[in-house]
1. Counting pairs of alpha carbon atoms under 8 Å apart in space and at least six apart in sequence, what relative contact order in percent does the range 149-266 give?
2. With a ≥ b ≥ c taken as the square roots of the eigenvalues of the C-alpha gyration tensor of the chain, please select rounded if a/c is under 1.5 and otherwise prolate if a/b is larger than b/c or oblate if it is not?
3. When you count, for each residue, the other Cβ atoms within 10 Å and take the mean per peptide, how do 558-568, 590-600, 171-181 rank with the highest first?
4. Could you list, in their original order, any pairs among K355/K588; K289/K355; K445/K530; K313/K413; K289/K325 whose Cα atoms are separated by more than 18 Å?
5. Could you pull out every one of the aspartates and glutamates with an alpha carbon less than 12 Å from that of K37, ignoring same-chain neighbours closer than 8 positions?
6. Quick one: Cα centre-to-centre distance for the range 366-414 and the range 566-611, in angstrom?
7. Could you point to the residue in Y465, N220, P158 farthest towards the positive end of the chain's charge dipole, with +1 and -1 charges on the Cβ of Lys/Arg and Asp/Glu respectively?
8. Just check the range 363-450 against the gyration tensor rule for me: Cα atoms, a ≥ b ≥ c as the square roots of the eigenvalues, rounded for a/c under 1.5, and otherwise prolate or oblate depending on whether a/b exceeds b/c.
Amino acid sequence: MSLLEQEAFIKGIPPFDTLSGKNLEYVCQNLDVVYFKEDEQLMIKGTEPEFLYFIIKGVVQEIEENEVVSIYDHHEFFDPISLIENHVKHTFVTVQETICYLLPRAIFLEVLHEDKNFEQYFFQTISQKLNVNHANEKNKELANFMVARVRDAYVQTPVIVDATTSIYDAVKALKEQKSNSLLVRRDNELGIVTDTDYREKFILEKMSADSPIGDLAKYNLIYIEGSEFLFNAQLEMTKHGIKRLVVIDENKEVIGVLDQISLASFFASHTYAISNEIEKAESVGELQKASTNLIRITQALYGKGVKVRYISKLLSQLNEKIFKKLFELTAPEALLEKSALIVMGSEGRREQILKTDQDNALILSDDCTIDTQTLETFTLEFTDRLISFGYPACPGNIMISNPEWVHTESDFKKLLFSWIDEKNSDNFMNLAIFYDALTIVGDEKLLDNLKRYLSDKIENSGAFYSHFANAVLSFETPLSIFAGFVLGKNEHKDELDIKKGGIFPIVHGVRSLSMEHKIEETNSVERLKKLNDLGVLDRELTGDLIESFTFLLTLRLKLNLEKIDKNIDPDNYIKPSQLTKLEKDLLKDSFKTVDKFKKFLTFHYKLNMLG
C-alpha cells in the first residue's frame, strides 16, 4: 500500500484518528505488512511483545487458559497494554488467514509519550471510554437539535373571535375550548388579547363585560411559518420584544400561537408544558392528545445529549402521570381508595423510554366492594384506552384486562406463594416482573405489604436465589469466537438482539442480587449503587456495569429513533454494520462487561452446579 493508503487506514481507527499529521506520518512510515496462516500464534503469554498489530484482513482470538476472551477483526488492533507493560498476558492466535500492519513497540511508545491525549486513551477504563463517547454524541446531537422547527414546539390552538364579540362571550369561548390564546379578527387583520390586557385594560379601567373584545386587542402581530427554524422564533421574539408569535402554514393560514413559555419549555425539553397538559386534562380525549407528545420529548432530550437513564426517569414520570390521570378519570368510585394500580417490568424500574408493551396489575384491598361485572368492564376499557394512547398490548397478557393480574391483597399473597413454591421459568419470570413493581395510583400499602410478604417467604433460601438468577444464562452473549458479533439469520439477518445479549443479563442479575439483599429500589442503576455500598459488587465492576448498561440503552434508543423517523416499529435488534468503529468497540467492551458479570453471578450463585 502507498503511504496515503496507510494513513487513511490508520486514521480510521480510534484513537489514532487523534494523532497530529506529523505523528501519524511517522507511524505509517514504520509499518510493515505481514501475512499469517490460520492457527498461527502471533503473541504468546509470558513473552515480551515486539509489535502492535493492525488487522487489514482476517480474525484473531485472544485466549486465556483455553477460553476466548476477545476477538479482533478488520480495522482493529491489539495489544497496546502488552507493549506498555512489556509483558504479554494472553496468547493471540489467528482464526483464519490474516494480514496485518505491524508497528514496532519502540515507535508506538515514542508516539505514546509524545501525545498526552493519545496516551490517556490507553489508560481509560471501560466506564471512562463510554463517558467520552457520550460527550462526543452530545456535541454531535446538539447540532441536530438546533435545526428544530417551529412546528416541533407546542403550538397552542387559538380561539378566533370577531372584534365585535363581547368580552364576556369571548372569555366564555376561551374557557369552553380550554385555550390560552385568544385572537381577534378586525376586518382583514388579526389582533391578540393576553392576560396582561385583561388585567391592565379590562379590570384596572373598569370596562364593561359587554364591551367589544376588539377594544382590548393589540394588532400588528408578528407571524412566523411552522417550517421556520425554532431558534429564529427566539430571535424574532427578542428582536420585537414580544412574548407571542402567530404561526402560519405555507398557505398563510393561521395554525396556532407560539408563546415564550412553550419556546423555553422546548429548549428545556418542553416537559413542563406536557406535564401541565396531562394534569389539566378533563377527558380521555385531552389526555390522549397530551400523550402523543412523548416521542417528541424523547427526541428533544436525546438530541440535547441528556443521558438515557435520566431520559427514562423523566419519561417514566410523564407515563405515570398519564396512567394516574386515566385511572382517576375512568375508575369506578369503589376502586379509587380501595385499590392500587401498579406498573411492572421496565416501567416499574423507570427504564422505559419509548412506549413499549404494557406491564400492569391491579391490587384490590380485601374490603373492596366492587362487583365483578363493573370491575371487568373497567379493566378491559382501561387496557384498550392505553392501547389507543400508543402503549401496545403485552404479548404475555400481563395487563389488568387479564383477570390473572387483578386480585385482592390476600389472593395476591396466595399467587406469590405458588410462584415461589412451584419453581419453573414462568413463575420465576412472574416474580421478576412483580419484584420491579411500582404503585402509580391508589393505596401504596397494598404493594408494600405484598413485597414484604415476598421477601419473608424467600428469606434464607439459597436454592431459590440460585434458580431465580439462573435466567441470566438463558441467552448467549453475542460475541463470536470467529468474527466479533454473533448475528441472526432469516428475519433478523445480520442483526443481534441487544436486549437478550446485554440489557437483560444486567437487569436480571442486578435484580437477583437486590432481591437477595432486600434492596427496595426498583431502578437498575440505583440498585447497582446500593449493591456497591453494601460491598456486594466492587467499585470497578459497578462502574463498568452502569456505563455499559447506559451505553446499551442509548444505542438501542438511538437506532429506534432512527426507525421511528422511517416509520419502522422500534424493537431490540441492531445491525452492527450500521455502527461507527467506536460504537462497535464500545459494544464489544459492554458485552465483555456482561460476560464478566455473568461469571461473577455463576460463581456467587453456583449456577454451574444447577441441573
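Since every read-out is calculated from the coordinates, none of them should be taken as a lab result. These numbers were taken from a predicted model, which means no experiment stands behind them. Glycine also receives a Cβ, built like all others from the backbone with ideal geometry; neighbour counts cover every protein chain displayed.
1. Values: 196 pairs, mean separation 36.8, N = 118.
With pairs under 8 Å counted, the relative contact order is 31 percent.
2. On the way: a/c = 3.00, a/b = 1.39, b/c = 2.15.
Oblate, because a/c is 1.5 or more while a/b does not exceed b/c.
3. 590-600, 171-181, 558-568
4. On the way: K355/K588 28 Å; K289/K355 15 Å; K445/K530 23 Å; K313/K413 29 Å; K289/K325 13 Å.
Going by Cα-Cα distance, K355/K588; K445/K530; K313/K413 fall outside the 18 Å limit.
5. Answer for K37, where 12 Å is the Cα cut-off: E97, listed by chain and number.
6. Their Cα centres are 34 Å away from one another.
7. So the residue we want is N220.
8. oblate
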